[in-house]
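The values are calculated or read from the model by the stated rules, or taken from the named source; none is laboratory data. Keep in mind the model is a prediction, meaning the values are calculated, not measured. Cβ coordinates were reconstructed from backbone atoms using ideal geometry, including for glycine residues, and neighbour counts include every protein chain displayed. Keep in mind that these areas ignore ligands, DNA and RNA; they rest on the heavy atoms of the full protein, side chains included. Shrake-Rupley method; radii C 1.70, N 1.55, O 1.52, S 1.80 Å.
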Amino acid sequence: MRHRIIVLGAGYTGAVVAGRLARRLRREDVAITLVNAEPDFVERVRMHQLAAGQDLKRRPLSEMFAGTGVEPRVAQVTGVDVDRKTVAVADADGAGELAYDTLVYALGSGWDAQGVPGTAEHAYEIAGRPGALRLRERLARLGAGQSVVVVGGGLTGLEAATEIAEARPDLDVALAVRGELGDRLSPRGREHLRKVFGGLGITVHEHTAVTGVEAERVVTAGGEAVPAAVTVWTTGFAVHPIAQATALEVTGTGQIVVDGTMRSVSHPDVYAVGDAAMVMGPGDRPLRMSCASGTPVAWQAADAIAARLTGGKLPNTLIRYFNQCISLGRKEGLIQYVTADDRAVRAVLTGRLAAVYKEVICKGAAWGVANPTLGLPVRRRRVTRGRAAAGSAVKATV
Ligand SMILES: Cc1cc2nc3c(=O)[nH]c(=O)nc-3n(C[C@H](O)[C@H](O)[C@H](O)COP(=O)(O)OP(=O)(O)OC[C@H]3O[C@@H](n4cnc5c(N)ncnc54)[C@H](O)[C@@H]3O)c2cc1C
């Protein structure tokens with residue numbers, strides 16, 4: 001029997017873990033299954049583009065992992081039993097169960113309606129492909145002059161408002177933010193943002209907390225009603241409730257608590273990466289949900305699993321921030337340089353060059369999923385006797 005590694009979620013982090021493990025371990029020693037709800041790798045960082053009407057390249061998992069030793073399995077994960085070491089899945093053929101020796105939990109996150117009344121019924125979201133496609137279809141039906149209100153002043157809100165305004169200059173696009181526009185950016189970053197928003201004709205409602213969403217408007221804490229034929233909700237991400245329903249130690253927000261090797265602090269045969277994990281970063285601050293930090297986290301997890309199974313040295317991957325790359329439509333961008341713990345510094349890159357830079361980053365992130373060892377030579381090592389979990393293959397080291 002081979003050591004069974006099951007990776008849940010083929011997003012930016014899960015796909016990297018699966019692919020990297022396949023390049024680190026021998027096929028005769030491990031069986032790597034990658035379970036994902038959709039048959040494709042979805043470039044989540046481009047969901048605002050999809051919603052605004054652009055067509056994205058399809059990246060079928062079956063092609064991406066062909067010949068790698070990773071077996072993609074298209075199924076919905078419905079539960080995890082960490083005591084029995086099983087995963088409950090459902091697909092077109094019905095419900096089933098998969099047993100694992102090592103589990104990697106990488107189910108990412110969805111949108112966070114934050115309990116605001118009317119949001120679930122009336123708002124649109126772009127946290128994943130189904131939501132983005134629903135918004136795309138709705139935007140296509142809007143007539144000239146109709147209003148779109150994007151709620152949330154984080155990076156996703158900035159990208160969504162500018163993308164929609166650029167694609168549909170005939171619409172009346174507004175952004176509602178709790179504080180000031182771009183208040184986590186440097187003064188130069190904020191100035192650039194104001195210029196681009198002004199140029200695209202986006203109305204910015206600052207110091208505005210939206211407390212209710214209705215079919216044709218949003219209501220603010222100040223009692224104002226802002227017309228909104230379409231409301232796009234981008235106030236943050238929330239993790240899926242599956243981990244919270246297990247015996248795993250999770251935070252109040254449902255993220256799995258892990259150590260520096262991305263191993264669950266409560267269940268050593270479970271690892272968690274990406275949005276689903278609570279990972280402490282530089283300055284002892286939790287990493288924010290992002291590809292920027294999720295990718296090195298995935299490298300760390302894969303290399304730690306491989307090291308533990310083969311008796312190698314535990315890795316110590318550098319996990320830090322360098323910049324925040326923000327697209328502002330297809331022709332404009334903003335690269336805000338940051339400290340290791342993600343605080344804005346003075347330097348920024350703006351304009352067309354920043355838009356190209358961001359595009360290169362998005363392409364690079366997708367390339368990195370298909371090339372999880374960054375093009376370095378493949379070094380497969382044997383799983384060593386006694387290191388693999390119970391019930392798995394044990395082979396002599398070579
Ligand atoms: C519009 C937008 C723009 C963004 N821009 C940036 C950016 O510029 N830079 C940046 O660093 N980050 C950005 N992010 C955040 C980034 O996309 C996420 O932090 C990142 O995708 C997290 O990676 P992950 O692997 O944890 O999860 P995901 O990439 O979300 O992958 C999770 C996978 O799990 C699958 N899944 C979920 N639930 C189940 C289930 N029950 N059963 C089976 N499969 C399931 C999903 O289909 C998906 O394939 C952006 C996000 C959005 C929405």
*Considering only Asn371, Thr246, Gly154, whose Cα is most displaced toward the positive end of the charge dipole of the chain, charges sitting on Cβ of Lys, Arg (+1) and Asp, Glu (-1)?*
Asn371
_Helix 291-310 axis, angle to the chain major axis (alpha carbon atoms, nearest 10°)_ = 10 degrees
*asked:* How charged is the neighbourhood of Gly118? Take every other residue with its Cβ under 12 Å from the Cβ of Gly118, and add Lys/Arg as +1 and Asp/Glu as -1.
replied: -2
_Accessible-area order (highest first, 1.4 angstrom probe) of the listed residues Lys331, Lys358_ = Lys331, Lys358
*In the chain, with Lys and Arg counted as +1 and Asp and Glu as -1 at Cβ, which of these residues, Ile126, Gly312, Thr295, has the Cα nearest the positive end of the dipole, that is, farthest along it?*
Gly312
*Work out the FRET efficiency for Ala92 and Glu121 from their Cβ-Cβ distance, taking R0 = 35 Å, and round it to the nearest 0.05.*
0.75
*Set the Förster distance to 51 Å, then compute FRET efficiency between Arg84 and Lys195 from the Cβ-Cβ distance, nearest 0.05.*
0.35
*If you project the alpha carbons of the chain onto their three principal axes, what span does each projection cover, largest first, in Å?*
69, 46, 36
*Could I have the simple spin-label model distance between Ala245 and Lys313, label points 7 Å from Cα toward Cβ, reported in nm to one decimal?*
4.3 nm
*If Lys and Arg each add +1 and Asp and Glu each add -1, what is the summed charge of the other residues whose beta carbon sits under 11 Å from the beta carbon of Thr162?*
-2
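Below 8 Å between Cα atoms, with a sequence gap of 6+, how large is the relative contact order for the stretch 161-287 in percent?
It rounds to 13 percent for the stretch 161-287.
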_Applying a 10 Å radius around every beta-carbon, put 239-251, 296-308 in order of their mean neighbour count, most first._
296-308, 239-251
*When the chain is modelled as a GNM with alpha-carbon springs shorter than 10 Å, which of Arg178, Arg379, Arg24 fluctuates the most?*
Arg379
_So if I take the centroid of the Cα atoms in the stretch 166-207 and the same for the stretch 1-67, what is the distance between those two points in Å?_
35 Å
*With everything on Cα atoms, drop me the angle between helix 14-24 and the longest principal axis of the chain, reported from 0 to 90° to the nearest 10.*
30 degrees
*For the stretch 186-266, what percent of Cα pairs sit more than 23 Å apart?*
53 percent
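Could you tell me the convex hull volume per residue, in Å³, taken over the Cα atoms of the stretch 236-288?
Cα-based convex hull of the stretch 236-288, divided per residue, equals 77 Å³.
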*For the stretch 266-346, report the convex hull volume of the alpha-carbon atoms normalised per residue, in Å³, without decimals.*
112 Å³
_Bin width 5 Å, origin at 0, all Cα-Cα pairs of the stretch 87-172: what percent of pairs per bin?_
3, 10, 17, 19, 15, 10, 8, 8, 6, 3, 1, 0
*Can you tell me the 0 to 90 degree angle between the C-alpha axis of helix 351-370 and the longest principal axis of the chain, rounded to 10?*
30 degrees
_For the chain, built as a Gaussian network whose Cα springs stay under 10 Å, the top-fluctuating residue of Asp341, Asp183, Asp284_ = Asp284
*Stokes-Einstein at 25 °C, 0.890 mPa s, Kirkwood radius from Cα pairs: D for the stretch 62-118 in µm² s⁻¹?*
175 µm²/s
*Report the equivalent ellipsoid semi-axes for the stretch 244-398 in whole Å, largest first, defined as the square roots of five times the eigenvalues of the gyration tensor built from alpha carbon atoms.*
34, 20, 13
*Once the Cβ-Cβ distance between Lys57 and Ala144 is put in as r, and R0 is 35 Å, what FRET efficiency do you end up with, to the nearest 0.05?*
0.70
*Find out how many positive minus negative residues lie around His240, taking Lys and Arg as positive, Asp and Glu as negative, among other residues whose Cβ is under 13 Å from that of His240.*
-2
*Which value in nm describes the separation of the simple spin-label points at Glu206 and Arg380, placed 7 Å from the Cα toward the beta carbon?*
5.8 nm
*Using the scaling law 2.2 N^0.38 Å as the reference, what is the normalised Cα Rg of the stretch 87-137?*
1.62
*How large is the Kirkwood hydrodynamic radius of the stretch 67-212, in angstrom, based on all distinct alpha carbon pairs?*
18.5 Å
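Compute, for the chain, the length of the dipole vector about the Cα centre, with Cβ point charges of +1 (Lys, Arg) and -1 (Asp, Glu) only. Units Debye, rounded to 20.
Here the chain has a charge dipole of around 1920 debye.
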